[in-house]
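Chemist: Handing you this structure, nothing more for now.
The values are calculated or read from the model by the stated rules, or taken from the named source; none is laboratory data. Please read these numbers as outputs of a predicted model, since none were measured by experiment. For neighbour counting, all protein chains shown are included, and Cβ atoms are generated from backbone atoms with ideal geometry for every residue, glycine included. Ligands, DNA and RNA are excluded from the accessible area calculation, which covers all protein heavy atoms including side chains. Shrake-Rupley method; radii C 1.70, N 1.55, O 1.52, S 1.80 Å.
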Amino acid sequence: MRRTTGRSTLKEVAERAGVSIGTASAVFAGKTWVSPATGSVVRRAAEELGYRPRSRRPAETGMIGFVSWVSELFSPGNLYYAPVVYGAQQACAELDLSMTYEVIQPRGDRLPLCVERGQVAGLLVLNVGASRDYLARILDAGVSCVLLEHAVIDLPVDYVRHDDETGGYLATRHLIGLGHTSPPPAIITAGAHIVPAALRLAGYHRACAEHGLTPDPAYVRPGDFTARTGYEQMTALLDLPVPPTAVFCANDLSAFGALDALRERGLRVPGDVSVIGYDDVAMAAHASPPLTTIASDKELLGAQAVWHLVQRVRRPETTSRDTMLGVRLVERRSTAPPHR
């Protein structure tokens, strides 16, 4: 059989041997539960492909991975995820760990390079792009996972996220409490596949229902968590026959875009329209006017994910944990009672 140059992956070895990546990894890790016959088949496949396993096991390298999928949500310009990554890095420093960051193509089926190369024992996984099957393949490779801002049922992973349903409820209740009831507050949200957005929208509907309000469907505007769509959807709301007097933007970036649209129309905030955001990114306090928002502890999100991951690497059989971090209302000058 023809040999290769030694650059083959563990996945290719597993496919040639007819076993899972996890089983192939266990062979090279010296796991006793693998039968001698299976071990022989895997080693023969590795020899034929020229595969050379790393001399150190991932758990001994002191390295974890942080992966996200190519998306405008996770671009360098996103103000939310920088403190999340920073919190994870700080936790790693305290635990004497290294962390590698990797961006994955949205429709590729290749595992993260840090997994293929056996460099990490665990991964922190952001919320867009990771299907259940893809995560199962990572687990089959012997790599533990903690998911940030989303959950996938029936997999032995941990979840760390903010209480976004409560956050959406608090934001909407704040506007209603100021007197924005006729018409009810509007919302600029994001795609239903983005779990935090879906939960914040659920909180919005809960607060409206609690106060006997039924918003016009035209008041629920789809965005994508960017300033651009915040601007576009705020413009669309202002063009309605009865524009809202208050708008809940499901993140601060879309709120910044909404503020731009209101300034362009010559409208005052909060004199004509109140605006509330979500996340309390660093720039929210310096917006014009300073933005009322729902604060989430972004650094704690990253740090908590690392702490969970270390425990899961050490005890991969641990029951899945869903850790919910609290949120709170931060009142600034972008919200006020409606001008009559």
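Chemist: Once amide H atoms are placed 1.01 Å from N in the peptide plane, what residues at a sequence separation of 5 or more from Arg328, or on another chain, have their amide H within under 5 Å of its amide H?
Modeler: Ala295
Chemist: Of all the stretches in the chain, which is the longest one without any exposed loop site, taking GluC sites (Glu not before Pro) in a DSSP loop (any state but H, G, I, E, B) with at most 14 other Cβ atoms within 10 Å?
Modeler: Maximal segment without exposed cleavage sites: 1-316.
Chemist: Quick one: net charge around Asp140, please, counting Lys, Arg +1 and Asp, Glu -1 for every other residue with C-beta under 13 Å from its C-beta.
Modeler: Net local charge, Asp140 excluded: 0.
Chemist: Separation between the Tyr86 and Asp154 pseudo-spin-labels, each 7 Å from Cα along Cα→Cβ, expressed in nm?
Modeler: Placing both labels 7 Å along Cα→Cβ, they lie 4.0 nm apart.
Chemist: Cα-based Rg (one decimal) and Dmax (whole number) for the chain, in Å?
Modeler: 24.0, 84
Chemist: Same structure, new question: Would you calculate the separation in nanometres between label points at Ala282 and Arg321, each defined as 7 Å from the Cα along the Cα-to-beta-carbon direction?
Modeler: 3.0
Chemist: What figure, in Å² to the nearest 10, do you get for the accessible area of Ile64 with a 1.4 Å probe and non-protein molecules left out?
Modeler: Accessible area of Ile64: about 10 Å².
Chemist: To continue, here is another question. Let me know the shape class of the range 179-276, please: from the alpha-carbon gyration tensor, a ≥ b ≥ c as square roots of the eigenvalues, rounded when a/c is under 1.5, otherwise prolate if a/b is greater than b/c, or oblate.
Modeler: oblate
Chemist: Here is a further query. Taking only Cα atoms and a 10 Å spring cutoff, compute GNM fluctuations for the chain and point out the largest among Ala141, Ala305, Ala285.
Modeler: In this elastic network of the chain, the residue with the biggest mean-square fluctuation among Ala141, Ala305, Ala285 is Ala285.
Chemist: Between Glu331 and Glu47, what is the label-point separation in nm under the 7 Å Cα-to-beta-carbon projection?
Modeler: Reported label-point gap for Glu47 and Glu331 is 7.6 nm.
Chemist: Measure off, as a whole percent, the carbon and sulfur share of the 1.4 Å-probe accessible area of the chain, all protein chains present.
Modeler: Taking all protein chains in place, the chain shows 52 percent carbon and sulfur surface.
Chemist: Say we join alpha carbon atoms closer than 10 Å with springs in a Gaussian network model of the chain; which of Val19, Val327, Val84 then has the biggest fluctuation?
Modeler: Val19
Chemist: So if each residue of separation counts as 0.36 nm, and I subtract the Cα-Cα distance between Asp109 and Gln311, what length gain in nm does that give?
Modeler: Using 0.36 nm per residue and subtracting the Cα-Cα distance, I get 69.9 nm.
Chemist: Let's test the formula: R0 of 22 Å, r as the Cβ-Cβ distance of Arg265 and Ala218. What FRET efficiency results, to the nearest 0.05?
Modeler: 0.80
Chemist: Which residue, Gly277, Gly118, Gly167, has the most motion in a Gaussian network model of the chain that connects Cα atoms within less than 10 Å?
Modeler: It is Gly118.
Chemist: Shifting gears a bit: Take Trp69, Trp33 and sort them by solvent-accessible surface of the protein heavy atoms, 1.4 Å probe, largest at the top.
Modeler: Ranked list, largest accessible area first: Trp33, Trp69.
Chemist: With every protein chain present, what is the per residue accessible area of the chain (1.4 Å probe, Å²)?
Modeler: 46
Chemist: Quickly estimate the mean residue ellipticity at 222 nm for the chain, helices only: each DSSP H run with n ≥ 4 gives -39500 (n - 2.57), and the total goes over all residues, rounded to 500.
Modeler: Helices in the chain give a 222 nm mean residue ellipticity of -12000 deg cm²/dmol.
Chemist: Counting Lys +1, Arg +1, Asp -1, Glu -1, what net charge surrounds Gly177 among other residues with beta carbon under 14 Å of its beta carbon?
Modeler: Computed value for this residue: -1.
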